[in-house]
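Novice: I'd like to ask some things about the structure below.
The values are calculated or read from the model by the stated rules, or taken from the named source; none is laboratory data. Fair warning: this is a prediction, and the values are worked out from it, not measured in the lab. For neighbour counting, all protein chains shown are included, and Cβ atoms are generated from backbone atoms with ideal geometry for every residue, glycine included. Areas reflect the complete protein model, heavy atoms only, side chains present, ligands, DNA and RNA absent. Shrake-Rupley method; radii C 1.70, N 1.55, O 1.52, S 1.80 Å.
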Amino acid sequence: MFSKALALAILSFGIPAHLFSQQPGEPVNPAPIDGQSYMLINQQSGLQADGGADTASSGAAATLESRVFTSLTQRWVLTHLPNGQWAISNLGNGLCLDTNGPSVVQNTCSLSLASQHWKLTAAGNGYQTLTNQSNQALLGVSGGAGSGLTLSALGGSPTQSQQWLLRPSFLRGMDNALLEKQEADRLATGLPWWQDAGHNADVLQMLKNHGVNTVRIRPTSTPPYQTLTLNGTSAIPATCSGNGCYAETDDADIDLAKRAKNLGMAVELTLFFDGGSSQSVPSAWASQ
């Protein structure tokens, strides 16, 4: 229930009551960002899908190769189709991932072809399966570096060879280390929730909608990094001082990382000493 002081503030500033803190549910949407390029990393081998030379012609095989992060042929652009599925085109040769019966090939992109439509399904731990629309077989591998990509049926649960990590080619990041503190402050003080196009939305989902694919977290070593207080208010008395007010708890870090992974985002982990100018190793990390 709003207090009289808060109700007076609403009237004073002309803020509609329905805009005050109503934290939306945390979304689960591991799909890639439409139009961005990704590296397809196979779970079983740790190797990446490769489209071959830039001069490759239609019908060329797609292979599994050692990671080369500067190679355009290991970057795949994912395009969201009207039917909810995805086209996967190679940035190096411009061809689309396609099928020729049981074989995986690359052909000139024709987005009306079901053989170039792929369904992405979350398989857990950040990995996904890629199912071809024309034959309902899963993209997989049968060998090591240099071997061709394969198609195989789903037999119960997907195997490691049928699971892929979509790693962004370029990390477009935000330092969201204090996000959960900011959310706690908004809920406690009744501030309006963040909005996009006039609608309350989860902050990470809003960032993803605008192209951000990476979240930075920064766990700290010892107290006073155990407070959820950013600034002292009547609703949240200050329980911290100095740099201790601007770092997050381990629990907040873990939760933020889970939220990011649920949205298919990458997580950058920064070990944070004390937020100030100290270069000394914290005692809790001395033997690490």
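Novice: Restricting to the range 39-60, name every residue that is closer than 17 Å to residue 143 by Cβ, open to solvent by less than 60 Å² (accessible area, probe 1.4 Å), assigned to a loop (DSSP other than H, G, I, E, B) and touching a helix residue (DSSP H, G or I) at 6+ places or on another chain (Cβ under 9 Å).
Specialist: Matches in the range 39-60: 43, 45, 52.
Novice: Out of all the residues in the range 75-101, which are within 12 Å of residue 52 (Cα to Cα) and either among the small types (Gly, Ala, Ser) or surrounded by fewer than 21 Cβ atoms within 10 Å (Cβ to Cβ) (or both)?
Specialist: 91, 92, 93, 94
Novice: What are the residue pairs meeting all of these: first residue in the range 164-192, first residue surrounded by fewer than 16 Cβ atoms within 10 Å (Cβ to Cβ), second residue assigned to a strand (DSSP E or B) and of a type in the set (Ser, Thr, Tyr), Cβ atoms under 6 Å, and 6 or more apart or on different chains?
Specialist: Every condition considered, the pairs that remain are 171/214.
Novice: Being of a type in the set (Asp, Glu), outside any helix (DSSP H, G or I), within 17 Å of residue 253 (Cα to Cα) and touching a strand residue (DSSP E or B) at 6+ places or on another chain (Cβ under 8 Å), is that true of even one residue in the range 198-209?
Specialist: No, that holds for no residue.
Novice: Follow-up. Cβ-Cβ under 9 Å, sequence separation 6+ or interchain: first residue in the range 79-99 and without any contact (Cβ under 8 Å) to a residue 24 or more places away in the chain and at positive phi, partner of a type in the set (Asp, Glu) and open to solvent by 30 Å² or more (accessible area, probe 1.4 Å). Which pairs?
Specialist: Going by the 9 Å Cβ cut-off, the qualifying pairs are 94/54.
Novice: Within the range 107-122, track down each residue that is aliphatic (A, V, I, L, M) and crowded, with 20+ Cβ neighbours inside 10 Å.
Specialist: 120
Novice: Separate question: Determine if the range 142-151 includes at least one residue that is under 23 Å from the mean Cα position of the chain (by Cα), not in a strand (DSSP E or B) and not acidic (Asp, Glu).
Specialist: Checking the range 142-151: not a single residue is under 23 Å from the mean Cα position of the chain (by Cα), not in a strand (DSSP E or B) and not acidic (Asp, Glu).
Novice: Considering each of 146, 156, 140 in turn, give the residue that is closer than 27 Å to residue 261 by Cα, exposed (fewer than 14 other Cβ atoms within 10 Å of the Cβ) and of a type outside the set (Val, Ile, Thr).
Specialist: 156
Novice: Count, please, the residues in the range 61-70 that happen to be under 17 Å from residue 97 (Cα atoms) and either free of Cβ contacts under 8 Å to residues at least 24 places away in the same chain or assigned to a strand (DSSP E or B) (or both).
Specialist: Final tally of qualifying residues: 4.
Novice: Ok, one more. Which residue is most open to solvent (accessible area, probe 1.4 Å), if the candidates are limited to the range 210-220 and must be in a strand (DSSP E or B) and closer than 12 Å to residue 266 by Cβ?
Specialist: Per the stated criteria, the residue is 216.
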